[in-house]
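To keep things clear, I will list the structure first and then write my remarks on it.
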Amino acid sequence: MRKLLLGSFFGMAFFLPAFGQITVTNTQAPDALVQGVLLGNGVTATNITYNGSAVNAQQLQTNVTYFDATNTSFPIQRGVLLTTGNGIVAVGPNAVNGESMPGTPMVTADADLNAISAANVTNGGILEFDFVPTGDTVSFKYVWASEEYPEFAPPNGGVNDVFGFFISGPGFAGPYMNGAENIAVIPGTAIPIGINNVNAITNQAYYVSNVGGAAYGTAIEYDGTTVVMQAVAEVQCGQTYHIKLALCNVLDQGWDSGVFLEAESFASEAVNIAVATVSGDTTVVEGCTNAQFIFTRPTSQAGDTLSVSYSIGGTATMGTDYNNMTNPVVFLPGEDTIILVLNPIQDGINDSPETVIFTATTITECGDTIISQGVLYILDGPNLVINETDPTVQCATDSVLMSAFASGGYPPYTYSWSYMGQTGDTAYAPIYQNGTVDVYVTATDGCGFTGVDTVTITMNQTLAIDTLISYPATACNPDGAVSAFVSGLTGQPQYNWTGPGNPGPNNINATVMQNIPSGWYYFSVSDNVCSVNDSVFVDPSLPPVAQLSASVTSGCDPLTVTFTNTSQNANNYVWNFGNGNNANVGDLSSQTQTYSNDATIQLIAFQGQCTDTAYVTVNVEICGCTDPLALNFNPNATQSDNSCTYPIPPLPTVEVPNVFTPNDDTDNPVFVLTTTNATDIELTIINRWGSTVYEGKGINPAWDGKVNSTDAAEGVYFYKYIVTGVGGDKLEGHGFLQLIRD
């Protein structure tokens with residue numbers, strides 16, 4: 001019983017970077033393209049026709065061409081291209097929304113194409129031939145592409161360009177002409193592939209957008225494609241079959257569509273070996289991507305155990321350049337696919353691409369020997385290149401735009417900047433003075449490979465504020481000033497001052513501002529290129545302090561006084577001496593004045609219009625004799641000048657008794673001197689042994705004949721005296737006295 005295999009596909013996660021374009025040539029006729037390009041192992045072809053006519057090597061067509069996508073990001077490297085127009089339209093980049101170019105000759109009617117498009121064919125192409133398989137399956141790989149995407153695909157709709165691979169022969173009884181069945185269908189369904197059935201909304205898993213080169217870079221023009229698809233049908237070995245490869249425009253004759261048929265993929269093999277990679281081609285990268293060698297056998301053989309030995313060749317070494325692989329592969333009952341994963345080993349050595357070639361040999365049901373082969377290329381890790389900008393600015397700024405673009409690796413790229421941890425392909429950094437600032441950018445590709453480059457920001461500012469000068473302001477008057485010296489001007493400058501002062505008209509847009517108080521002043525200058533600013537402080541001058549001292553502040557008339565000026569922070573002075581004299585003095589010199597009366601002296605210290613005042617008082621006294629007893633007594637004198645004079649006083653006189661009897665009689669009870677004109681008397685009594693027995697002082701001292709309250713012994717005693725007279729004269733004397741007790 002015949003079984004139709006509805007196919008499989010090879011969707012990829014991303015594409016390796018390639019910036020080339022495919023090439024399309026029409027140097028081979030359709031029969032040569034089928035025999036020399038399209039057919040693979042296990043199939044022979046005859047009766048090749050195009051649009052119903054037999055063809056030969058001299059009949060070249062513009063819409064049945066050869067394409068080569070080597071070194072591009074397109075997933076099929078080479079093969080046959082069928083288009084609804086001229087095949088040259090397929091050459092990239094994607095630059096036109098609806099590119100088209102007529103091709104010749106074109107078919108304008110076909111029942112099978114009408115059936116799958118649900119509309120009438122306007123122009124198209126049909127390549128068909130008979131073939132005999134040597135195995136029990138036949139398959140080939142293809143990509144459907146169209147300029148109708150995305151404008152005329154759902155949800156827009158309106159156009160349904162289609163294609164079909166219609167196979168007929170033993171075991172087929174389909175709905176199309178001669179019982180053919182269409183094997184260009186959505187996997188697992190009987191739905192034909194076309195604009196309305198595969199797009200960004202319907203069956204989007206099989207759709208690839210290439211608008212702006214999003215998927216394939218500069219490789220092809222078409223706005224959208226399918227992923228790589230595989231058409232598979234079960235056949236009988238040795239039997240003759242017919243296949244019609246057809247595509248068409250619907251409703252219009254523009255906005256071209258095409259089918260890329262992979263070279264040597266139309267084959268019938270007992271066991272097929274296919275290579276699937278992340279990039280969609282036959283390359284893997286050390287340390288990044290792996291590959292799958294997919295062994296597939298016909299489903300008709302799935303009930304048996306099948307052991308398939310294979311050989312591994314190529315320039316790469318198993319275990320060194322990639323992991324060890326299981327050999328042979330064994331299909332258990334029910335299995336029709338076995339996948340071997342090859343992981344390239346990162347060795348850090350830069351060398352040319354290395355190859356891995358899987359070769360399996362099997363015998364078909366017809367007894368033919370079929371050799372199936374898969375080839376893989378192992379590439380070194382990339383040398384990541386970063387193209388960056390090195391911006392130059394003319395003014396200090398905190399926001400300089402930097403950009404970087406990585407290439408040579410495997411997209412997508414991510415970027416990390418050394419300043420502020422910024423990410424993305426652009427970033428910002430500051431520069432505040434002439435010179436350079438280096439910022440590092442690290443690019444990481446989809447495989448984790450990194451590259452580092454330096455972005456150098458250069459500042460070349462000529463405008464500069466060379467110097468700001470300030471002149472102090474006095475405390476009581478806004479008489480300060482500021483001045484700026486600017487260089488490197490380009491064009492007409494604009495100046496501006498701000499600060500606590502209120503500049504007048506002459507201070508606006510100028511380098512000098514005058515008559516300002518103390519404080520911070522901010523200056524800016526702008527020219528035709530940039531702006532700079534700076535600030536300066538106007539110091540306050542210390543206010544004047546008036547200070548003075550007098551050599552004397554009181555004394556007798558006439559009183560001469562010298563005044564000393566100890567003022568501070570002043571440059572001019574006004575004196576008011578309080579005696580009718582005034583003076584203006586410009587220094588700190590001393591001033592001498594004479595006074596007969598009390599006076600208050602005033603000193604005013606000046607600094608500009610600022611003043612301070614100090615005072616000192618001088619008291620003048622009337623000096624003379626203040627003793628009323630003096631001959632020259634002055635009742636108006638307030639202070640003695642020690643000038644008193646007196647009359648000549650009499651001299652003192654002394655009479656001394658030579659005997660005294662300290663009894664209780666009244667004749668002579670005490671020893672006392674008789675004096676005249678005396679104001680003070682000093683009397684001393686000494687016994688015969690030289691001891692003082694009495695001392696007395698006063699106007700009339702007297703000895704009572706006792707020593708320490710005990711009667712002194714009778715006998716002779718020695719006396720001496722000093723008598724001071726009223727005039728201050730002194731009279732001294734001495735002698736003996738006799739103490740007698742009755």
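Would a scan of the range 367-376 turn up a residue that is more than 30 Å from residue 137 (Cα to Cα), outside any loop (DSSP other than H, G, I, E, B) and not small (Gly, Ala, Ser)? Among the residues of the range 367-376, not one is more than 30 Å from residue 137 (Cα to Cα), outside any loop (DSSP other than H, G, I, E, B) and not small (Gly, Ala, Ser), which makes the answer no. Please tell me if residue 663 is in a loop (DSSP other than H, G, I, E, B), closer than 30 Å to residue 738 by Cβ, at pLDDT below 85 and in contact with a Lys or Arg (Cβ under 9 Å, 6 or more places away or on another chain). It is true that residue 663 is in a loop (DSSP other than H, G, I, E, B), closer than 30 Å to residue 738 by Cβ, at pLDDT below 85 and in contact with a Lys or Arg (Cβ under 9 Å, 6 or more places away or on another chain).
Scanning the range 44-64 turns up no residue that is in contact with a Gly (Cβ under 6 Å, 6 or more places away or on another chain) and either at pLDDT 90 or above or at positive phi (or both). Condition (residue is within 30 Å of residue 432 (Cα to Cα) and β-branched (Val, Ile, Thr)) applied to the range 349-362: is it met by at least one residue? Within the range 349-362, not a single residue is within 30 Å of residue 432 (Cα to Cα) and β-branched (Val, Ile, Thr).
Applying the set (1) closer than 16 Å to residue 737 by Cα; (2) exposed (fewer than 12 other Cβ atoms within 10 Å of the Cβ) to residue 708 leaves exactly one unmet item: (1).
What about residue 143, is it under 27 Å from residue 26 (Cα atoms), in contact with a Ser or Thr (Cβ under 8 Å, 6 or more places away or on another chain), among the hydrophobic types (A, V, I, L, M, F, W, C) and at pLDDT below 85? Against the criterion (under 27 Å from residue 26 (Cα atoms), in contact with a Ser or Thr (Cβ under 8 Å, 6 or more places away or on another chain), among the hydrophobic types (A, V, I, L, M, F, W, C) and at pLDDT below 85), residue 143 does not qualify. Within the option set 617, 611, 600, being closer than 30 Å to residue 566 by Cβ, under 60 Å from the mean Cα position of the chain (by Cα), outside the structural domain of residue 727 (by TED's automatic domain parsing) and in a strand (DSSP E or B) holds for one residue only, 611. Of the residues examined, residue 583 is not one that is surrounded by 12 or more Cβ atoms within 10 Å (Cβ to Cβ), touching a strand residue (DSSP E or B) at 6+ places or on another chain (Cβ under 6 Å), at pLDDT 90 or above and under 23 Å from residue 552 (Cβ atoms).
Given the criteria more than 24 Å from the chain's Cα centre (by Cα) and assigned by TED's automatic domain parsing to the domain that holds residue 396, does residue 451 qualify? When the stated conditions are applied, residue 451 does not pass them.
Residue check: residue 122 meets all listed conditions (1) polar (S, T, N, Q); (2) in a strand (DSSP E or B); (3) surrounded by 23 or more Cβ atoms within 10 Å (Cβ to Cβ) but one, namely (3). Report yes if residue 217 is touching a residue at least 24 places away in the same chain (Cβ under 8 Å), part of a loop (DSSP other than H, G, I, E, B), assigned by TED's automatic domain parsing to the domain that holds residue 69 and buried (at least 24 other Cβ atoms within 10 Å of the Cβ), otherwise no. For residue 217, the condition - touching a residue at least 24 places away in the same chain (Cβ under 8 Å), part of a loop (DSSP other than H, G, I, E, B), assigned by TED's automatic domain parsing to the domain that holds residue 69 and buried (at least 24 other Cβ atoms within 10 Å of the Cβ) - is not met.
Any residue in the range 683-690 that is among the small types (Gly, Ala, Ser) and closer than 29 Å to residue 649 by Cα? No, because not a single residue in the range 683-690 is among the small types (Gly, Ala, Ser) and closer than 29 Å to residue 649 by Cα.
Applying the condition of being over 19 Å from residue 553 (Cα atoms) and surrounded by 19 or more Cβ atoms within 10 Å (Cβ to Cβ) to the range 568-580 and asking which residue is modelled with the highest pLDDT yields 573. Within the range 377-421, the set of residues being at pLDDT 90 or above, touching a strand residue (DSSP E or B) at 6+ places or on another chain (Cβ under 7 Å), over 17 Å from residue 460 (Cα atoms) and not in a strand (DSSP E or B) comprises 413, 418, 419.
Inclusion of residue 70 among residues that are assigned by TED's automatic domain parsing to the domain that holds residue 213, surrounded by fewer than 24 Cβ atoms within 10 Å (Cβ to Cβ), assigned to a loop (DSSP other than H, G, I, E, B) and over 49 Å from the mean Cα position of the chain (by Cα) is not warranted.
The values are calculated or read from the model by the stated rules, or taken from the named source; none is laboratory data. These numbers come from a predicted model, not from an experiment. Counting neighbours? That spans all protein chains shown, and the Cβs are built from the backbone with ideal geometry, glycine included.
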